[in-house]
Every structure is written in C-alpha cells, then in structure tokens.
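The values are calculated or read from the model by the stated rules, or taken from the named source; none is laboratory data. Nothing here was measured: the structure is a model prediction, and the numbers come from that model. Virtual Cβ from ideal backbone geometry, glycine too; neighbours counted across all protein chains shown.
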Amino acid sequence: MFANCTQIDACRYLLALYVLDTLSWASACVMRLEVLLLAEELGVNSLRISLVITAVEVLAEFAASCSTVPLLRFTSGKEELSCRSLAKFALQAYLFSCSFAVVCYSALGYYVYVENVQTVGTLMALGAGGLYSTPY
C-alpha cells in the first residue's frame, strides 16, 4: 500500500530528470529564437539557419543517445550497469547540460545585446550553445 524508500528515490530522480529536461529544452528554444532574430538582423536566410540547426540537433541527439551507455561504462569502470546508475548518470548529464546552457545563454546575450556585437560568429556561437543544451 505504501511506497518504500527505493520507490520514493526513483520517483524523485524521475521528477528531477523531467524538470531538468524541461529547463534544458526551454533554454534551447530561447536560444534558437535568438539565432533566428539575429539572422534576420544580419540578413542571413533564417530558413536555411533553421534547417541546419534542426538537422545538426537531430544528429547530436542521436550521437548523445548512442554514447550514453559507453560513456557511463568508461567513467564508472564497471562492465555491468543498473537502471539506478543510468538514471543517476542521466541526471548528472542533464544538470551539466542545463547549467551550461544557462551560463552560455547569459554570456552570449550580454555579448550580443549589451556590447552590441552582432556578427556571424556570434550567430554561430548562439546556435552552438542552443545545440549543446539539448542532447543529453
């Protein structure tokens, strides 16, 4: 009838993964919007930029999905893995990815709008920052 401690911990991990995934997705969407707005200001074709970002994002998600288990095996040094270790590793990866996205977006936003440096290089940096916040 009542949940034991292991089930409660698993539920907490899943909720934390969901929250971090949502934050990461939201920051990537905001960065993608910034890329499209900056591309429009620079006169770059926003449709091409959007297609390139989407295609590279799909490839990055595929690579991240394929590399999760080997990366966990490499970092933990264990051949056998459990669902618990995969969930903890995913939580750490999401935390790192989301934190990086927030820091990267803040720094690039300051650089683009306060320092008023709007070049193709900053456009590419914003695109790469939004891309990185998504895969894990």
Which one of these is among the hydrophobic types (A, V, I, L, M, F, W, C) and under 20 Å from LEU17 (Cα atoms): LEU59, LEU91? LEU91
Selected residue [over 17 Å from the mean Cα position of the chain (by Cα), of a type outside the set (Ser, Thr, Tyr), part of a helix (DSSP H, G or I) and under 20 Å from ARG32 (Cβ atoms)] from VAL103, VAL112: VAL112
Any residue at all in region 16-23 that's on the phi < 0 side of the Ramachandran plot, touching a Phe, Trp or Tyr at 6+ places or on another chain (Cβ under 9 Å), touching a residue at least 12 places away in the same chain (Cβ under 8 Å) and small (Gly, Ala, Ser)? yes
Is there a residue in region 66-81 that is assigned to a helix (DSSP H, G or I), surrounded by 13 or more Cβ atoms within 10 Å (Cβ to Cβ) and at pLDDT below 80? no
Which residue pairs have Cβ atoms under 6 Å apart, sit 6 or more places apart or on different chains, and have a first residue in region 45-60 that is over 17 Å from GLY129 (Cβ atoms) and a second that is of a type in the set (A, V, I, L, M) and surrounded by 11 or more Cβ atoms within 10 Å (Cβ to Cβ)? SER46/LEU36; SER46/ALA39
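Every residue in region 80-105 that is among the aliphatic types (A, V, I, L, M), over 16 Å from SER24 (Cα atoms) and touching a residue at least 24 places away in the same chain (Cβ under 8 Å), please.
Answer for region 80-105, where residues must be among the aliphatic types (A, V, I, L, M), over 16 Å from SER24 (Cα atoms) and touching a residue at least 24 places away in the same chain (Cβ under 8 Å): just ALA87.
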Look at ALA26 and say whether it is surrounded by 13 or more Cβ atoms within 10 Å (Cβ to Cβ) and in a helix (DSSP H, G or I). yes
Scanning region 82-100 residue by residue, the ones that are over 18 Å from the mean Cα position of the chain (by Cα), of a type outside the set (D, E, K, R) and either surrounded by 14 or more Cβ atoms within 10 Å (Cβ to Cβ) or assigned to a helix (DSSP H, G or I) (or both) total 2
Pick from ALA55, ALA26: which is of a type in the set (A, V, I, L, M) and under 20 Å from ALA93 (Cα atoms)? ALA26
